[in-house]
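Undergrad: Before I ask anything, here is the structure I am working with.
The values are calculated or read from the model by the stated rules, or taken from the named source; none is laboratory data. Everything quoted here is computed from the prediction, not taken from an experiment. Here the Cβ positions follow ideal geometry from the backbone for every residue, glycine too, while neighbour counts run over all protein chains shown.
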Amino acid sequence: MSNTSSLDVIASLCKRRGFIFHSSEVYGGINGFWDYGPLGCEMKRNIKDAWWQAMVRDREDVAGLDATIIMHPAIWKASGHLDTFSDPMCTCKSCKKLMRADQVDDILTDGEIGKTLQALLDEHADYGKIAGWCKGKGKGLAPNLPAVTDPDALTAAVEKLKADPACATTLSALYALLGAGAPSTRCPYCGGELTEPRPFNLMFKTIVGPVDDPSNVAYLRPETAQAIFAQFLNVYATSRMSVPFGIAQMGKSFRNEVTPRNYTFRSREFEQMELEFFIKPDEAVELLYGKVTTMADQPDLSVPQKEWGWEVWHKYWVEQRKKWIIACGLPKDSFVEYWQKPDELAHYARACVDIEYAFPFGVQELEGIAARSDFDLTQHQKHSGKSMEVFDEPLKQVCSKMDETAKAAFVEKVAAEWQSRGKDPEAARAFARKLFEGRYIPHVIEPSAGVDRMMLALLCNAYEEQKLVDEKGKEDTRVVMHFSPKVAPVKVAVFPLVKNKPEVYNKAREIFEYLRRRTAAFWDEGGAIGRRYRRQDEVGTPWCITVDFQTAEDDTFTVRERDSMKQERMTLAQFKAMLDEALVF
Ligand code: GAP
């Protein structure tokens with residue numbers, strides 16, 4: 001399996017074989033939007049089913065939700081998305097292109113200007129060659145770069161290079177030198193001057209109802225999570241679950257990404273699979289059980305325990321998510337955990353881990369698992385005026401047995417601990433006193449995954465070009481997608497060895513009809529068996545069944561396994577048992 005295959009090769013296979021198409025392609029496409037074709041939508045469905053199975057159906061402590069994409073705009077005010085969900089964006093004053101300010105360097109590296117300048121750096125070209133680029137190729141590629149348009153700027157750059165050739169040994173330093181300024185002030189498309197970065201909100205706006213008035217503005221959700229918080233009280237009241245418990249949701253999210261890139265990796269319309277797992281605040285755990293388990297206790301993470309504090313719950317969900325990713329077919333060593341540093345964390349977050357996969361364009365986020373404290377529910381309580389507190393009868397019972405001295409000591413302990421984390425001690429005291437009544441706003445651990453990113457990682461991981469030599473010494477290349485059977489879009493293909501013998505053809509149809517009612521099966525009667533195998537290898541079908549003359553006699557057929565290419569005779573019952581086993585998560 002290969003991670004070195006380029007994204008272009010993967011994209012080409014995906015288009016050729018019906019996994020992913022550019023949206024609106026007949027009209028020239030629309031940037032940042034992708035359609036999943038016959039095989040792609042099957043595979044995507046498998047990923048979502050696998051997530052739902054693991055996160056909802058396999059658990060007694062998680063319930064599902066399917067909320068609307070457009071919600072009351074106040075939700076996005078409360079969540080902070082209206083005010084802060086933005087990217088810094090700048091515009092080129094010459095070519096008018098818009099770009100994310102933090103991606104200017106990357107765009108330069110990936111573009112023609114960057115490639116030609118990098119080639120000069122790679123061959124240790126001196127100031128003469130660089131000046132030659134400005135007077136030649138640079139005129140076409142970067143017509144607005146000062147060293148290209150202004151002889152004085154070029155002379156100044158050349159003088160600096162002459163005096164100190166080491167002053168521009170990196171692409172961004174060289175571009176800065178030729179641009180007479182810092183690299184981020186020059187357009188990576190034409191060399192023109194960039195505007196100051198300004199925030200650009202990523203939410204798509206729409207109008208609800210017939211009147212195009214600011215009071216009717218609504219937003220397409222930029223994440224599925226907020227609906228879970230907004231419906232927390234309803235799910236809590238109807239699901240008969242108590243904290244700790246989770247609410248899961250999957251579905252479309254929309255972000256008006258300034259520069260969608262890397263195929264489906266950063267899209268403007270995509271699908272998320274999110275769980276908000278609500279836990280008791282550590283202080284409630286301490287009152288209830290006399291202790292809070294932390295990671296310092298080196299707990300066994302396999303089965304949740306009532307004494308767990310937020311830190312252990314967070315790590316538990318990191319481990320659960322890794323297990324799921326591996327079960328979907330990504331090898332353990334293909335992704336890493338990136339623990340955000342304290343200065344990278346949102347102000348309310350206690351911890352956040354990104355699971356990062358080694359995509360062909362670099363190691364990038366696949367999904368994130370955040371410990372978000374009680375921030376979200378508190379925000380919705382504040383903005384909606386509705387209490388988001390839960391009532392915990394056992395907690396009230398335990399506290400009713402505490403004397404006033406013990407309560408006062410507890411309140412001061414909480415106040416001191418909050419203060420040590422820069423939080424208001426008065427708020428801590430109020431919170432602790434509420435605990436004595438059995439009331440608190442749950443904290444939350446949020447594993448948040450992207451369907452499209454998971455699919456892209458699985459596609460990149462699965463691709464392999466194998467060089468094969470047949471018995472006659474003839475070389476051939478086999479393209480094979482090594483999908484796990486669990487996510488493979490087609491589980492089994494059925495081939496009749498010949499078309500013109502009813503005893504073979506009809507038997508094969510019978511087997512196919514049986515299988516298609518139970519799994520994703522594909523029928524192929526065209527061409528030599530070898531070619532049919534190759535077609536299935538290229539879309540990652542784990543097994544191919546060939547029905548031949550012997551099938552009519554003993555009810556066995558040949559099962560060819562994709563990766564080993566080994567063939568074995570089996571009955572339908574044997575094959576079905578093997579298939580069922582392989583598909584269990
Ligand atoms: N509720 C938290 C949240 O939305 P996020 O890191 O912004 O967190 C979670 O998004 C996941 O959603 C990401 O790890 C990624 O898998 C997916 N995702 C986010 N933006 C995306 C985009 N523009 N295109 C494709 N997937 C995206």
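Undergrad: Just wondering, is there one or more residues in region 10-18 that are in a loop (DSSP other than H, G, I, E, B), surrounded by 17 or more Cβ atoms within 10 Å (Cβ to Cβ), in contact (Cβ under 8 Å) with a residue 60 or more places away in the chain and among the basic types (K, R)?
TA: yes
Undergrad: What single numbered condition from (1) at pLDDT 95 or above; (2) more than 11 Å from the ligand (Cβ to nearest atom) fails to hold for Q249?
TA: Every listed condition holds for Q249 apart from (2).
Undergrad: Determine the pairs where a residue that is of a type in the set (A, V, I, L, M, F, W, C), located within region 270-288, has a partner that is within 16 Å of the ligand (Cβ to nearest atom) and part of a helix (DSSP H, G or I) with Cβ atoms under 7 Å apart, the partner being 6 or more residues away or on another chain.
TA: So the pair list comes out as F270/D452; M273/K48; M273/W51; M273/V451; L275/M55; F277/W317.
Undergrad: Of everything in region 252-283, what is part of a loop (DSSP other than H, G, I, E, B) and near the ligand (Cβ under 8 Å from one of its atoms)? Give them in sequence order.
TA: Across region 252-283, the qualifying residues are R255, E257, P260, T264, F265, R266, S267, R268.
Undergrad: Scan region 551-571 residue by residue and report those that are within 38 Å of the chain's Cα centre (by Cα) and among the hydrophobic types (A, V, I, L, M, F, W, C).
TA: Across region 551-571, the qualifying residues are V559, M565.
Undergrad: From (1) modelled with pLDDT under 95; (2) within 32 Å of the chain's Cα centre (by Cα), pick out the condition that doesn't hold for V492.
TA: For V492, the failing item is (1).
Undergrad: Can you work out which of the residues in region 348-373 that are more than 9 Å from the ligand (Cβ to nearest atom) and among the small types (G, A, S) is surrounded by the fewest Cβ atoms within 10 Å (Cβ to Cβ)?
TA: G362
Undergrad: Mind checking which residues of region 301-337 are of a type in the set (A, V, I, L, M, F, W, C) and buried (at least 17 other Cβ atoms within 10 Å of the Cβ)? Give the derivation first.
TA: As a first pass, look at region 301-337 and keep what is of a type in the set (A, V, I, L, M, F, W, C): 301, 303, 308, 310, 312-313, 317-318, 324-328, 330, 335-336.
Listed by number, the residues that qualify are L301, W308, W310, V312, W313, W317, V318, W324, I325, C328, L330, F335.
Undergrad: Among the numbered criteria (1) assigned by TED's automatic domain parsing to the domain that holds F245; (2) assigned to a loop (DSSP other than H, G, I, E, B), which one does G422 miss?
TA: Only one criterion is unmet by G422, namely (1).
Undergrad: Among the residues of region 347-357, count how many are over 16 Å from H314 (Cα atoms) and not charged (D, E, K, R).
TA: Total satisfying the criteria: 2.
Undergrad: Are there any helices (runs of 4 or more DSSP H) wholly within region 132-248 with 3 or more residues that are over 27 Å from the mean Cα position of the chain (by Cα) and buried (at least 19 other Cβ atoms within 10 Å of the Cβ), and if so which?
TA: Fully inside region 132-248 and qualifying: 146-149, 151-163, 171-178.
Undergrad: Is there any pair linking a residue in region 441-464 that is under 13 Å from A248 (Cβ atoms) and near the ligand (Cβ under 7 Å from one of its atoms) to one that is of a type in the set (A, V, I, L, M) and not in a strand (DSSP E or B), with Cβ under 8 Å and at least six apart or on different chains, and which?
TA: If the second residue must be of a type in the set (A, V, I, L, M) and not in a strand (DSSP E or B), the pairs left are E446/A225; S448/A225.
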